[in-house]
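Just below is one structure, and these are the notes that go with it.
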Amino acid sequence: MAEILRFATAGSVDDGKSTLIGRLLYDTKTIFQDQMDAVEKASENLGSEGPNLALLTDGLRAEREQGITIDVAYRYFATPKRKFIIADTPGHIQYTRNMVTGASTADLAIVLLDARKGVVEQSKRHAFLASLLRIPHLVLAVNKMDLVDYSEEQFNKVADEFREFATRLDISDLTFIPVSALMGDNVVDRSEHMEWYDGPTLLTHLEQVHIASDRNMIDVRFPVQYVLRPQTEEYHDFRGFAGTVAGGVMKPGDEVMVLPSGFTSRIATIETLDGPVAEAFAPMAVTVTLDDEIDISRGDMLCRPNNQPDVTQDLDAMICWMTSDAKFEPRMKLAIKHTTRTARVMVKEVNYRLDINTLHRDEESEVLELNEIGRVTLRSTQPLFIDEYRRNRTTGSFILIDEHTNTTVGAGMILGVAE
Amino acid sequence: MAYELSHLRELEAESIHIFREVASEFERPALMFSGGKDSIVMLRLAEKAFHPCKIPFPVLHVDTGHNFPEVIEFRDRRLAEVGARLIVGSVQERIDNGSLKEEPGLNPSRNQLQTPVLLESIEENEFDALFGGARRDEEKARAKERVYSFRDDFGQWDPKNQRPELWSLYNGRIRKGEHIRVFPISNWTELDIWQYIEAEKIEIPEIYYSHQREVVERDGMLIATGPFNTLADGEKAYTETVRYRTIGCMTVTGAVESDADDIAKVIAEVAGTRITERGATRADDRVSEAAMEDRKKEGYF
């Protein structure tokens, strides 16, 4: 059966992002007749000529009236090979916050470049955020090829320009595809105008890109989410630790260590409603039983004795600040949610603020404002069991919550233990 | 080395994670259950999340009084099997005691009346989290709603002021009186639901499969005749081979002509269809382009 590919698209009003998504949905026959009818009707009401494919993705009335997109929207389509989940993020001021949100779960990002304009500031910003969020695969869709006479030379020029910028980023898989979202070239159907291009169409690439090895199958990490004790006759002594595997492969018989207590035991069984399973790996949701009776509760973590995460109260992390209600500044206190652990943190220091357009590090800055990104150190009230974000996106990420407004105000990616 | 999950198993794992997260972090959650296929899948996922324990929260049904009898029978039987406690919020009771008023007209929809009953049930039982079976592929407003959808004291959704939601880290912090609507199957599509029902051999009410039924054509839809349906002048009832794609009130849910009498045929039909399920069969969502957005803001599911 098909697997899932989650991808993020980012862009602004004019670069054809909505048209590209509309084209993917339309050409894969995902758009239903009543949705198309609604779009045609709405296009007429707005006085546009022909159906405006962008309206397929602009959901709320407030957005249609104001002609803006206010938030991340999720879209779905499937081919016989894969099921796709698109996190569609808008490109206006709230852009950083939204793209970080959409990118956090993505396996792949599509960054659109206008073939006429080449690499502009915004495309650099998109690519940087994709690399910051460790999206394993990046696709540069060089769009509007129809407006440059499908020129190979122009395509290569734009691609080279981007490649040069990308050397400053940490991107493992970079793919360039010449497309025209408007005309449908190389989106789903192969273009008849670019014989010089022998790579895959965008959809073929999305169907074929290898993502199975992106997940960490080496470091066993099992954050305990919920303890199951039925206390019924049938399951008299049953004590199961329910959770979602965050890394590695777990098998019955494996020796495990419990954090923070440090006790060790062996996995007795891995249970599901459908019966025990022989192994569990990310992102399976299972229930583990152990050979020994050990006191374990939510927020604890199972790992291997010879492969443990860092146990620390001092975090070195990149933060994206997501609120205008308050500035992120030293001595500030916040709630932190990291895997299944919740604690409080105090901001120790803002080491630098990163200008996401120039990648310049501003070491003078001591605060972060809305949509700013910086490297910071935090001290938590309890030890957390962390990995580097680049090694494990689950045990390497956290959110920060304002304890007064209860809203999510920050997203964090762990670099390591703070000195 | 094939450590890959099929799309259904990955969706299932994501949903189970959400169920467990809510059960851990909230005091008084409840599962909204309508007897429709999505809520039946939700019940199955909740069983999976807590096995071998019983589901650690009650089930809430907002009953409009205009349900299909087959669905109510199914609800009671299935919940008894699972051992879940049922709480019913009754629209009929509120109409009978005068606290709610039936809309005027020949065959009034009780869709709008569900919202106050739901909000009352939440207050009475002090629920702080309510699981709902909404999917993002259903409708434009839902495409932008979070898995954890924050609701204020009035149960309102504010689309412009949603909490960012990153990775699988859900923020469930609320003040007293507020609550979170939780949508564990946000990322499932209609086809995923059907494929899962097939893969898991899940029983669903038989009206989802092709059967003979007396219907009347109204606003381009086939509406079942029955005790809640008064025929207007000129309307003619006739028998047709139909099935339901969604289940709501008998008075507003349209049947579709179909010969699909088993799950494989239903899947083939869904995969080949060109109209969304809500567009095809729900008069309540067709009222205006922004119908769902408006109702959600008022506290609807």
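The values are calculated or read from the model by the stated rules, or taken from the named source; none is laboratory data. Nothing here was measured: the structure is a model prediction, and the numbers come from that model. All Cβ positions, glycine included, derive from the backbone under ideal geometry; neighbour counts span all protein chains shown.
Here are a few things to note about the model shown:
- Residue within region A:259-266 that is touching a helix residue (DSSP H, G or I) at 6+ places or on another chain (Cβ under 8 Å), β-branched (Val, Ile, Thr) and in the same structural domain as A:Asp292 (by TED's automatic domain parsing) present: no
To keep it simple, each residue is scored yes or no on (1) hydrophobic (A, V, I, L, M, F, W, C); (2) farther than 30 Å from A:Thr244 by Cβ.
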{"site": "A:Asp170", "(1), (2)": "no, no"}
{"site": "A:Phe176", "(1), (2)": "yes, yes"}
{"site": "A:Pro200", "(1), (2)": "no, yes"}
{"site": "A:His210", "(1), (2)": "no, no"}
{"site": "A:Asn216", "(1), (2)": "no, no"}
{"site": "A:Phe222", "(1), (2)": "yes, no"}
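- Which listed residue is away from every other protein chain (no Cβ under 12 Å) and either modelled with pLDDT under 95 or loosely packed, with under 15 Cβ neighbours inside 10 Å (or both), from A:Lys333, A:Lys348: A:Lys333
- Checked against (1) of a type outside the set (A, V, I, L, M); (2) at positive phi; (3) buried (at least 24 other Cβ atoms within 10 Å of the Cβ), A:Ser104 passes all but condition (2).
- In this structure, B:Trp194 does not satisfy being over 30 Å from A:Gly396 (Cβ atoms), within 20 Å of the chain's Cα centre (by Cα) and within 12 Å of chain A (Cβ to nearest Cβ).
- Criterion: in contact (Cβ under 8 Å) with a residue 60 or more places away in the chain and crowded, with 22+ Cβ neighbours inside 10 Å - qualifying residue of A:Ala212, A:Ala181: A:Ala181
- Filtered residues of region B:5-27 (kept if of a type in the set (A, V, I, L, M, F, W, C) and in contact with a helix residue (DSSP H, G or I) (Cβ under 9 Å, 6 or more places away or on another chain)): B:Leu5, B:Leu8, B:Leu11, B:Ile16, B:Ile18, B:Phe19, B:Ala23
- From B:Asp128, B:Asp152, residue being closer than 19 Å to B:Phe33 by Cα, within 13 Å of chain A (Cβ to nearest Cβ) and modelled with pLDDT of 90 or more: B:Asp128
- Looking across region B:169-191, the residues that are within 7 Å of chain A (Cβ to nearest Cβ) and among the polar types (S, T, N, Q) come down to B:Asn171, B:Asn187, B:Thr189.
- Search result, residues across region B:5-39 that are of a type in the set (A, V, I, L, M, F, W, C) and within 25 Å of A:Glu3 (Cβ to Cβ): B:Leu5, B:Leu8, B:Leu11, B:Ala13, B:Ile16, B:Ile18, B:Phe19
- Residue within region B:8-15 that is more than 8 Å from every other protein chain (Cβ to nearest Cβ), modelled with pLDDT of 95 or more, at negative phi and within 18 Å of the chain's Cα centre (by Cα) present: yes
- Near pairs, Cβ below 6 angstrom, 6+ apart or cross-chain, from region B:46-73 (more than 10 Å from chain A (Cβ to nearest Cβ)) to any residue that is charged (D, E, K, R) and surrounded by fewer than 19 Cβ atoms within 10 Å (Cβ to Cβ): B:Pro58/B:Arg85
- Consider region B:197-230 and keep the residues that are small (Gly, Ala, Ser) and either away from chain A (no Cβ under 14 Å) or in a strand (DSSP E or B) (or both). The one that is farthest from A:Phe84 (Cα to Cα) is B:Gly226.
- Every test in (1) among the acidic types (Asp, Glu); (2) in a loop (DSSP other than H, G, I, E, B); (3) modelled with pLDDT of 90 or more is passed by B:Asp233 save one, and that test is (3).
- B:Ala255 more than 13 Å from chain A (Cβ to nearest Cβ) and part of a loop (DSSP other than H, G, I, E, B): no
- Note on region A:276-305: residues that are under 16 Å from A:Met217 (Cβ atoms), more than 14 Å from every other protein chain (Cβ to nearest Cβ) and out of contact with any Pro (no Cβ under 9 Å at 6 or more places or on another chain) amount to 1.
- Among the criteria (1) surrounded by 17 or more Cβ atoms within 10 Å (Cβ to Cβ); (2) closer than 30 Å to B:Leu169 by Cβ; (3) in contact with a Phe, Trp or Tyr (Cβ under 8 Å, 6 or more places away or on another chain), the one A:Leu169 does not fulfil is (1).
Okay, residues lined up against (1) surrounded by 18 or more Cβ atoms within 10 Å (Cβ to Cβ); (2) modelled with pLDDT of 95 or more; (3) within 25 Å of the chain's Cα centre (by Cα); (4) assigned to a loop (DSSP other than H, G, I, E, B):
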position: A:Pro276; (1), (2), (3), (4): no, yes, no, yes
position: A:Asp292; (1), (2), (3), (4): no, yes, no, yes
position: A:Ile296; (1), (2), (3), (4): yes, yes, no, yes
position: A:Gly299; (1), (2), (3), (4): yes, yes, yes, yes
position: A:Ala317; (1), (2), (3), (4): yes, yes, yes, no
position: A:Cys320; (1), (2), (3), (4): yes, yes, yes, no
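- Test result for A:Thr323, in the same structural domain as A:Ser365 (by TED's automatic domain parsing) and β-branched (Val, Ile, Thr): yes
- Screening region A:138-257 for strands (runs of 3 or more DSSP E) wholly inside it with 2 or more residues that are within 13 Å of chain B (Cβ to nearest Cβ) returns the ranges A:226-228, A:240-244.
- Of the criteria (1) away from chain B (no Cβ under 11 Å); (2) not in a loop (DSSP other than H, G, I, E, B), which one A:Ala326 fails: (2)
- Screening region B:20-43 for residues that are within 14 Å of chain A (Cβ to nearest Cβ) and in contact with a Lys or Arg (Cβ under 8 Å, 6 or more places away or on another chain) and picking the one that is surrounded by the fewest Cβ atoms within 10 Å (Cβ to Cβ) gives B:Ser24.
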